[in-house]
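*Asks:* This is the structure, below, for whatever I ask next.
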Amino acid sequence: MNKENSYSKILPVLFGFFIMGFCDVVGITSMHVKEDLLGSYSPEFRDTLSNMIPVALFSMFLFFSIPTGLLMNKIGRKKTVLLSNIITIVAMFIPLIAYTFVTSLVAFVLLGIANTILQVSLNPLLTNVVKGDKLTSSLTAGQFVKAISSFFGPFIAAFAATQLGNWQYIFPIYAVITLVSTIWLMAIPIHEEQEKGKATSFGSVFAILADKTILLLFLGILFVVGVDVGLNTAAPKILMERCGLDSITAGYGPSVYFAFRTAGAFIGAILLAKFSADKFFRINITIAVLALISLIFMKGQIVIFGLYGVVGFTVANIFPIIYSKAIQFRPDKANEISGLMITGVFGGAVIPFFMGLTSDAIGSQVGSVLVILTSALYLLFCAYAIKKPS
């Protein structure tokens, strides 16, 4: 394969990671749904209901991760990615047809299904167009593309609100981007090797949780995704509550978080080549815990934005550290563990649900921060409890 042909196949696959980042629009959507549709509800239920948006999306990872792996073995990786794109396009048009709380939930259930399918199938598809030493750098590039998508989400929503007259026009913009990705990928022939070996089943995957270390790491994945999605969801609401910002300006809170998370991933990749992953994990999660404790009390706009940046920077590499440790502990079960860890993304549904309950009960976003802090404290425990494989 010459260099030109190689890039012609790599680029459309990498562009798929931009579509993967669409799931992070849940924070902005949750804020707008609370403001647009839940004003008539009693205050003690508004956060609980609005936080059902991320619950609807990320709960799909629990139900569809392993079935997607089984489907991929039957129809192939490229067709599985294309299927996810089609579902994404359908999901993006639902809020435009009818913008209600129920249709918003339906749209994000479909987006959750699509994103689950995409996360399970896109990385393996990349291995069909990148070989050897370039694979690791290409996988890292894919994560950067996803981070860029997450970063630009609030800016696209702000553009839709100010220039197009309605923030909801972010959805057809995303649909068009997804359509471009679909057409680009369809135009590229990709050879896929036939998978061989024992088929994965629900039983074979969840049986691994009998290993206490794997269970510890699985819960680590659940809670680190919970911190990630939780702060993304709470960030604009905290700024509106404490600083009196409007919804559009407050929507930049997640962008600060994602910008620093992207920088953290880049710098972390360099540092992890020189320093112990265990020490790196412990130092970063300790700083994140201290930042979240500070977030409970701080009210200044600049300070709050700064704390978002600190948390984003320090948690950026925790997911891959935990993921790689799980593989190292049971290399004989690498495929099953991969499916299990993706299922742990379900934490993005669990944590926001409890955030909504707690913040409504307290009557303040302090409740949301307390739930996120509790998740980070588990990660701090996990950082010291993990032992090296014998």
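*Asks:* Just wondering, is there one or more residues in the range 317-326 that are assigned to a helix (DSSP H, G or I), modelled with pLDDT of 90 or more and either more than 23 Å from Ala207 (Cβ to Cβ) or touching a strand residue (DSSP E or B) at 6+ places or on another chain (Cβ under 7 Å) (or both)?
*Replies:* Checked the range 317-326: no residue is assigned to a helix (DSSP H, G or I), modelled with pLDDT of 90 or more and either more than 23 Å from Ala207 (Cβ to Cβ) or touching a strand residue (DSSP E or B) at 6+ places or on another chain (Cβ under 7 Å) (or both).
*Asks:* Would you point out the residue of the range 278-307, among those that are crowded, with 20+ Cβ neighbours inside 10 Å and small (Gly, Ala, Ser), that is nearest to Ile386 (Cα to Cα)?
*Replies:* Ala288
*Asks:* Please find, among Leu290, Leu340, the residue that is more than 21 Å from Ala269 (Cβ to Cβ), of a type in the set (A, V, I, L, M, F, W, C) and in contact with a helix residue (DSSP H, G or I) (Cβ under 8 Å, 6 or more places away or on another chain).
*Replies:* Leu340
*Asks:* If I ask for residues that are out of contact with any Gly (no Cβ under 9 Å at 6 or more places or on another chain), more than 15 Å from Leu105 (Cα to Cα) and surrounded by 24 or more Cβ atoms within 10 Å (Cβ to Cβ), which ones from the range 17-32 would you list?
*Replies:* Ile19 - this is the single residue of the range 17-32 that is out of contact with any Gly (no Cβ under 9 Å at 6 or more places or on another chain), more than 15 Å from Leu105 (Cα to Cα) and surrounded by 24 or more Cβ atoms within 10 Å (Cβ to Cβ).
*Asks:* Under 8 Å between Cβ atoms, at least 6 apart or on separate chains: pull out the pairs that start in the range 267-286 with a residue that is modelled with pLDDT under 85 and end on any residue that is charged (D, E, K, R).
*Replies:* Once the first residue is modelled with pLDDT under 85 and sits in the range 267-286, its partners that are charged (D, E, K, R) give Ala277/Lys325.
*Asks:* Let me ask another. Out of the residues in the range 1-29 that are of a type in the set (D, E, K, R) and more than 19 Å from Gln119 (Cβ to Cβ), which is modelled with the lowest pLDDT?
*Replies:* Looking at residues that are of a type in the set (D, E, K, R) and more than 19 Å from Gln119 (Cβ to Cβ), I get Glu4.
*Asks:* Out of Thr88, Thr80, I need the residue that is under 21 Å from Ile177 (Cβ atoms), touching a residue at least 60 places away in the same chain (Cβ under 8 Å), surrounded by 21 or more Cβ atoms within 10 Å (Cβ to Cβ) and of a type in the set (Ser, Thr, Tyr). Which one?
*Replies:* Thr88
Residue by residue, here is whether (1) surrounded by fewer than 23 Cβ atoms within 10 Å (Cβ to Cβ); (2) assigned to a helix (DSSP H, G or I) holds:
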site: Lys34; (1), (2): no, yes
site: Arg46; (1), (2): yes, yes
site: Leu49; (1), (2): yes, yes
site: Ser65; (1), (2): no, yes
site: Ser84; (1), (2): no, yes
site: Met92; (1), (2): no, yes
site: Tyr99; (1), (2): yes, no
site: Leu105; (1), (2): yes, yes
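The values are calculated or read from the model by the stated rules, or taken from the named source; none is laboratory data. Predicted model only: the values in this text are computed from it and were never measured. Glycine gets a Cβ as well: all are built from the backbone with ideal geometry, and neighbour counts include every protein chain shown.
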